[in-house]
1. Would you please name the residue that is surrounded by the most Cβ atoms within 10 Å (Cβ to Cβ), looking only at residues in the stretch 101-116 that are within 14 Å of the chain's Cα centre (by Cα) and of a type outside the set (Ser, Thr, Tyr)?
2. Failed condition for GLU119, given (1) modelled with pLDDT under 90; (2) out of contact with any helix residue (DSSP H, G or I) (no Cβ under 6 Å at 6 or more places or on another chain); (3) open to solvent by 50 Å² or more (accessible area, probe 1.4 Å); (4) not aliphatic (A, V, I, L, M), with all others met?
3. Could we say that LYS103 is over 16 Å from ILE20 (Cα atoms) and either among the β-branched types (Val, Ile, Thr) or out of contact with any Leu (no Cβ under 9 Å at 6 or more places or on another chain) (or both) here?
Amino acid sequence: LRRVRAAEGEDHPHTVEDMIALAKLYVRQRRMEEAEPLLLESMKRLREAALGGGGSLLLVCMDSLAGVYVEQEKLEEAEPLLLESIAKCRELLGDHHPNTLSKMTQLAVLYYKKGKRGEAEAGKPRMWIR
């Protein structure tokens, strides 16, 4: 990551991709406190510089950050990320795509963890498909 930052610059897509990759490695190692700032910075850069801001790289970043928040029991922070991710995924991939359905299931699980069983039931993928 340091080499890419030095060679390409802070806002280059390769730098952001490497930040996300390192954060995902930290997540696999259960190092959520280290992953969170990398994902937050990556998401900020993607949105500000429009480095694939509406595409798959932003979705990966949002999903990873939502997962970190769920692991940290920061459910209120995870919910808007999942909702935005679902909306973008539906727009890019459609309602029936496996990634869209998976995100809907993640949201239903989140609602269940928050004690919102009614919303969890309503959020099941089969109920969200038009």
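The values are calculated or read from the model by the stated rules, or taken from the named source; none is laboratory data. Computed from a predicted model, the values in this text were never measured in an experiment. Reconstructed Cβ throughout: ideal geometry from the backbone, glycine too, with neighbour counts over all protein chains shown. Quick note on the areas: whole protein, heavy atoms, side chains included, nothing else; ligands and nucleic acids left out. Shrake-Rupley method; radii C 1.70, N 1.55, O 1.52, S 1.80 Å.
1. LYS103
2. Condition (2) is where GLU119 drops out.
3. Details: over 16 Å from ILE20 (Cα atoms): yes; either among the β-branched types (Val, Ile, Thr) or out of contact with any Leu (no Cβ under 9 Å at 6 or more places or on another chain) (or both): no.
No; evaluated as a whole, the condition is false for this residue.
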